[in-house]
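The values are calculated or read from the model by the stated rules, or taken from the named source; none is laboratory data. Every value quoted in this text rests on a predicted model; they were computed, and no experiment measured them. Cβ sites come from the backbone with ideal geometry, for glycine too, and all protein chains shown count toward neighbours. Quick note on the areas: whole protein, heavy atoms, side chains included, nothing else; ligands and nucleic acids left out. Shrake-Rupley method; radii C 1.70, N 1.55, O 1.52, S 1.80 Å.
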Amino acid sequence: TNPGFVVRITQAGLDYAHQQAIKFLEQELGQLKLQDISGDFRVLRVGKVRYEISRLYLRSFHLPHSSISLVPRVGLQVSISNAFAELDGNWRVKIYFLRDHGSFELKVENVYIKISLQLGRDALGKPTIDTSACSTHISKVHVHFSGKLGWLYNLFHAAVESRFRKLLEKQVCESVAKSVRGELQPYLRTLPVTAKLDAMTGIDYSLVAPPAATAQSLDVDLKGEFFSLAHRSAVPFSPLPVALPPDHSHMVYFGASSYFFNTAAFAYHAAGALVFNITDAVIPKAVEFRLNTTTFSAFVPQLEEMYPNAAMKFMLSAPSAPFLSIGPQGLSFQPVVDVQAYAILPGSSPAPLFLLSLVSNVSAVIDVRSGHLVGSLKVGRIKFTLKQTNVGTFQVRQLQSLVNTIASSILLPRLNERLDQGFPLPLPERIQLSKILLSFHQNFLLLGADVRYQPR
């Protein structure tokens, strides 16, 4: 299935995410809780030596050099080099009846860590991430003991360093796996794969396939589909392929296809949101005419005779969801609107007067604000025809100015008010966009941006 919405994270975007994650991992490793170490060994002409290492305290763990790389068709790989750590602790030694104790400092240098991350999606279409492999190699461990019997320390010096090396190599990878599952995975799940937009519609950003790593970017295909909350029905058209251009100057790119926008029109139409009732109460006071049969009798003379001085109502509705197109010149569509005129009669149902069909070229201006796609519509010249009349024939062209006023002064502001609220982009929590660039291509809108993470 082709996606309706595509997200591309470039190497620059991965590098930025990696910087934020490494800061957190450095903090996590700096809080490692190391278990006590004990053991014994025999020394020639000395006998059995028993030692205990306790109250281990990791003062710091530094990750000065690290990088993230894409592994095509596999996922991501994080490489950390020349890391180092410092620890404090207490020691105790027993040889026969001879005992000694003290404190020590331990320095770990030239730590190399390699982490492989596997990306996927769960049954709900949310992204998943896990460590598929992790290896740690420590080249140098140096222990400095404090105490009176220096010859004793040398007896178990090498043994302690070897135990520390194995212990740290194991616990570093355990901490990495814990951080990925306990922090990174829950954070990715803050991506809103489904969201309620208003009382009538929602949006579906679920992944249609696992994220795909290529040599240059990480591509994520989303469903990108609006739906009616009251009744979600199958969309009667399919998304076309979206081929993002080879541009990597921004951290992230969003490709919103024409399918994405057309499902919005389809969902709002299915929810009954594209029906507007216009009465005299909503006519701006600045407009010179009132919505009654006295005004319209100048164009439809028989109205004054059939319904003298009666209030009127217009019901505007779309007989079908408007279908828009996207090309290099922008976004445009040509909606059809039915306008049913009624006379409002006291104590009786509204009397149908006539039905007009309106057609106009409409262009849209798209922008991004606070992580939302916002827009506004501009209507060209309106053409209309008389589809049905209950008051006899009349010259439809004479209604042109009134219809234009109703469309531009009443209907358009209502639509633009909703579009100005916008629709959320698929962003995890605490992500803000900057340096935004919009461009139109055949069948899709391309949004390029840099990102900034806001910690709690």
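With respect to (1) of a type outside the set (Gly, Ala, Ser); (2) in contact (Cβ under 8 Å) with a residue 60 or more places away in the chain; (3) touching a His at 6+ places or on another chain (Cβ under 7 Å), the lone exception for Tyr112 is condition (2).
Taking the condition of being within 30 Å of Asp15 (Cα to Cα) and either open to solvent by less than 50 Å² (accessible area, probe 1.4 Å) or among the hydrophobic types (A, V, I, L, M, F, W, C) (or both), how many residues in the range 242-266 meet it? Looking only at that region, the number is 13. Among the criteria (1) touching a residue at least 12 places away in the same chain (Cβ under 8 Å); (2) open to solvent by 40 Å² or more (accessible area, probe 1.4 Å); (3) not in a strand (DSSP E or B), the one Pro428 does not fulfil is (2). Taking the criterion of being within 10 Å of Tyr259 (Cα to Cα) and open to solvent by less than 70 Å² (accessible area, probe 1.4 Å), the residues of the range 224-241 that qualify are Gly224, Glu225, Phe226, Val235, Phe237, Pro239.
Test Asp219 against the stated conditions and say whether it is within 19 Å of Gly13 (Cβ to Cβ) and acidic (Asp, Glu). Against the criterion (within 19 Å of Gly13 (Cβ to Cβ) and acidic (Asp, Glu)), Asp219 qualifies. If the condition is being polar (S, T, N, Q) and surrounded by 14 or more Cβ atoms within 10 Å (Cβ to Cβ), then the range 91-129 contributes Ser116, Gln118, Thr128. Among all residues of the range 151-170, there is none that is within 21 Å of Phe41 (Cα to Cα), at pLDDT below 85, assigned to a loop (DSSP other than H, G, I, E, B) and out of contact with any Asp or Glu (no Cβ under 6 Å at 6 or more places or on another chain). Checking Ala271, Ala264 one by one, the residue that is farther than 30 Å from His18 by Cβ, at pLDDT 95 or above and of a type in the set (A, V, I, L, M, F, W, C) is Ala264 and no other. Sub-6 Å Cβ pairs linking a first residue in the range 262-287 that is free of Cβ contacts under 8 Å to residues at least 40 places away in the same chain to a second residue that is open to solvent by less than 20 Å² (accessible area, probe 1.4 Å) and in a helix (DSSP H, G or I), at least 6 apart or interchain, number zero. If you check Ser363, Ser409, which single one turns out to be more than 28 Å from the chain's Cα centre (by Cα) and of a type in the set (Gly, Ala, Ser)? The unique qualifying residue is Ser409.
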